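**Student:** First the structure, which I've put down as structure tokens, then a few questions once you've had a look.
Nothing in this text is a laboratory measurement; each read-out follows from the coordinates by a stated rule. The shown structure was predicted, so the numbers you read here are calculated from the model rather than taken from an experiment. All Cβ positions, glycine included, derive from the backbone under ideal geometry; neighbour counts span all protein chains shown.
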Amino acid sequence: MEELFLSFMNALVIGVPKFFFPQIDPFYTEELLPLLNIGLYNSILLIIPSASIGFILGAILGSLQTYANPVVAKTATIYSQIFRGTPLVLQLLIIYFGLPAFNIVLSPYFAAVIGFTLCTSAYQAEYIRGALVSIKKEQTLAAYALGFSKFATIKNIILPQALRRALPGCGNEIIYLIKYSSLAYVVTFYELTGNGKKIASLTFRVLDSYFILALYYLFLVSIATLLLHYLEKNILSQQ
Amino acid sequence: MTKPILSVRNICKSFNKKEILSNLSFDVQKGEIKVLIGPSGGGKSSLLQCLNFLIFADSGEISFKGNSINPKKPTELRKYRQQVGMIFQDFNLFEHLTALENVTIALRKVRKFTKKEATERALKELTLVGLQDKTDHYPAQLSGGQKQRVSIARALAMDPTILLLDEPTSALDPELVNEVLQVIKKLADNGMTMIMATHQMDFAQNIAHEILFIENGTIIEQGSPKELLCESQKLSRTYSFCSALGIHTGEK
């Protein structure tokens, strides 16, 4: 998988420009771009599980905040408050450097994924909660009148409607996640930003390294935006 | 007299110390059509919602086919609700589902039909209410009358023993009222047991076996349309209420 991705990206961002501009500065084609491509692959490895597990966890947390008994609802709210109320960098540092004190030792990759997932789920929970409370009470009554249980009502009637309403907000959070995945370097996991920084400080070509790094993020976010637009169009148009 | 299918005893309900229903009792026989009339805020909707426990009464007892229903037992309550269909004033269709899916979802998720069985059954009910060509429409694409007919199909698909109708036509444009009333008439002709709150007096007079006049949470008068609405009953509360609505009453 990794090899396939890298040969595709290398051909795209190194092979093609080289073909049209054979005189291109080898700093780009030999040093910067190959390393950024590896970083991009690592970033995607972080973003996809964090975004998807975070979204599902957020949907569960948001539902618990809205519908569970007061104790569970309050616990979910406190969870959300803690993760939204403290800096993500600090959360990552605690997970990676702090937890070994309890004999929990995580690889940099897992520490980063866990940190991102927990943090993003706290934000997603708020978007979902907002959408859940916006669904009219009558929808619940209609389901109860047909013999639906509370759980079946939330799962089949309320959540599907709420997720459609929450999608723009949730998409926004995924775009944030793409950018704050750059914090993984603080737990020594070298994704896009980590690799960009490495090259910049080794070669002192700071401006062009960071400028191209920024273009990579723009590219990632653009793809995510397109996907989200597609989802919104196909799901939201049903209402 | 045969055993009543639904028996309501001494239902009381207060909201914020204001009494909405006070000590209401009545029986419904199989195939009987009861019509609830009376001023808005008089307790008709609350009574209907108490009947299938969308609102829990403070006291009183509801028995269905001779068994007292205990709403604190979720399984028993859900089983009872499946047999008591409810039609709401504002339709309350599931906004994210098509007309067909609105009917199939409870069949599939509550009665555990397969997708194919549920679709067949739903098409049958949608045809009954005359909407076989609107199955793929979402609620937002349907008129008020069509939405209400989908909601009737949705309730009928559960094979209810009794149907509760909460002012089914009062949210409709005048020209759409008839299409819904026709469907209800069809059900009445087929012998469906119904309790219906309505302001459509002409219609009520036609189909009701008994009219309950409800005001301030109690039954003020009850009797057949004939008894309550004929000229000789000019002093009855029902008669004056109907006159005030500008409805021509009296035997036809």
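**Student:** Is it possible to state the helix-based mean residue ellipticity at 222 nm for the protein assembly as shown, with each DSSP H run of 4+ residues giving -39500 (n - 2.57), the sum divided by total residues, to the nearest 500 deg cm²/dmol? What is it?
**Tutor:** Estimated from H runs of four or more residues: -17500 deg cm²/dmol.
**Student:** Another question, then. So for chain A, averaging the separation of alpha carbon pairs under 8 Å that are six or more residues apart and normalising by length, what relative contact order in percent results?
**Tutor:** Contact order relative to length: 25 percent.
**Student:** At q = 0.12, 0.15 Å⁻¹, work out log10 I(q)/I(0) for the stretch B:1-139 with the Debye formula, treating every Cα as an identical point scatterer and leaving solvent out; two decimals please.
**Tutor:** So the normalised log intensities are -0.63, -0.92.
**Student:** Sorted from fewest to most neighbouring beta carbons within 10 Å, what does the list A:92, B:172 look like?
**Tutor:** With the fewest neighbours first, A:92, B:172 line up as B:172, A:92.
**Student:** Which whole-Hz couplings ³J(HN,Hα) result when phi for each residue of the stretch B:131-147 is put into the Karplus expression 6.51 cos²θ - 1.76 cosθ + 1.60, θ = phi - 60°, listed in order with x for Gly and Pro?
**Tutor:** 10, 4, 9, 10, 4, 8, 7, 7, x, 4, 9, 10, 6, x, x, 5, 4
**Student:** Using Cβ counts within 10 Å as a stand-in for footprinting exposure, how do B:158, B:86, A:9 rank, fewest first?
**Tutor:** Least crowded to most crowded, the residues run A:9, B:158, B:86.
**Student:** Return B:50, B:12 ranked ascending by Cβ neighbour count within 10 Å, so the fewest neighbours appear first.
**Tutor:** B:12, B:50
**Student:** Could you list which residues have their amide H under 5 Å from that of residue B:194, counting only those 5 or more apart in sequence or on another chain, with H placed in the peptide plane?
**Tutor:** Hits under the 5 Å cutoff: B:32, B:33, B:34, B:163.
**Student:** With no solvent and one equal point scatterer per Cα, compute the Debye intensity ratio I(q)/I(0) for the stretch A:34-162 at 0.10, 0.11, 0.12 Å⁻¹ and report its log10, rounded to two decimals.
**Tutor:** -0.43, -0.50, -0.58
**Student:** Here is a follow-up. Step through the table entries A:155/B:185; B:17/B:73; B:17/B:72; B:72/B:124, compare each Cα-Cα distance with 31 Å, and write down the pairs that go over it.
**Tutor:** A:155/B:185; B:72/B:124
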